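Computed from the coordinates by the stated procedures, all read-outs in this text should not be read as laboratory data. Only a predicted model underlies this, so the values are computations on that prediction, with no experimental measurement involved. Here the Cβ positions follow ideal geometry from the backbone for every residue, glycine too, while neighbour counts run over all protein chains shown.
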Amino acid sequence: MRPDRPVPFARVAAHPLVMPTAGHALRSLIDAAAARAEVKLDVAVQTNSMRVQKRLVPAGHGWTILPDVGIAEDVAGGTLSAAPLSEPDVWRSIVLGMPRTGRTPPAVEVVARELTRQVRTAVHEGSRPAAQLHAQGAATEGE
């Protein structure tokens, strides 16, 4: 797998998968993508621990689909290889919720403003930990 070569979802689905359990937010995104791709997933192992998923993949238990930010160090260290997903793309939004009424403490306002600034800067500069994997989910296999 290479960060510059997207992998079609159907190719990923052809492998046994290490996945979060049903109902997990990431699993819901993956299940929806599988439905759009009209493929059935072969879920070999289910765990909600990303750490466990990242250990099971190189041990040969299957492929997994994880957010790029969660695997950037593993890819850089050579423990995992990854590629962006395609056909369909899988992505999620990050939302910062703030109260619409009442007084927001100044410390919360400062943190929210700085967090928003950091995210915008990272997206604009392409400096996210795994920017080469796009802002999408990434299929992952052990090396």
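For the chain, the relative contact order works out to 37 percent when only alpha carbon pairs closer than 8 Å and six or more residues apart are counted.
Quick one: which residues, 5+ away or cross-chain, put their amide H under 5 Å from the amide H of S86? H built at 1.01 Å from N. So S86 has HN proximity to V7, F9. Computed from Cα atoms alone, the Kirkwood hydrodynamic radius reported for region 1-121 is 16.3 Å. For the chain, the residue among L96, V69, A13 whose Cα projects farthest onto the positive side of the dipole built from Cβ charges is L96. Applying the Karplus relation 6.51 cos²θ - 1.76 cosθ + 1.60 with θ = phi - 60° to region 29-38 yields 3J(HN,Hα) values of 5, 5, 4, 5, 5, 4, 5, 5, 7, 6 Hz, where x marks Gly and Pro. Taking Lys and Arg as +1 and Asp and Glu as -1, the other residues whose beta-carbon sits under 9 Å from that of P6 total -2.
The GNM of the chain, with springs linking C-alpha atoms under 10 angstrom apart, assigns the highest mean-square fluctuation among V45, V119, V75 to V119. Here the Gaussian network model covers the chain, with springs between Cα atoms less than 10 Å apart; of P58, P99, P84, P99 fluctuates the most.
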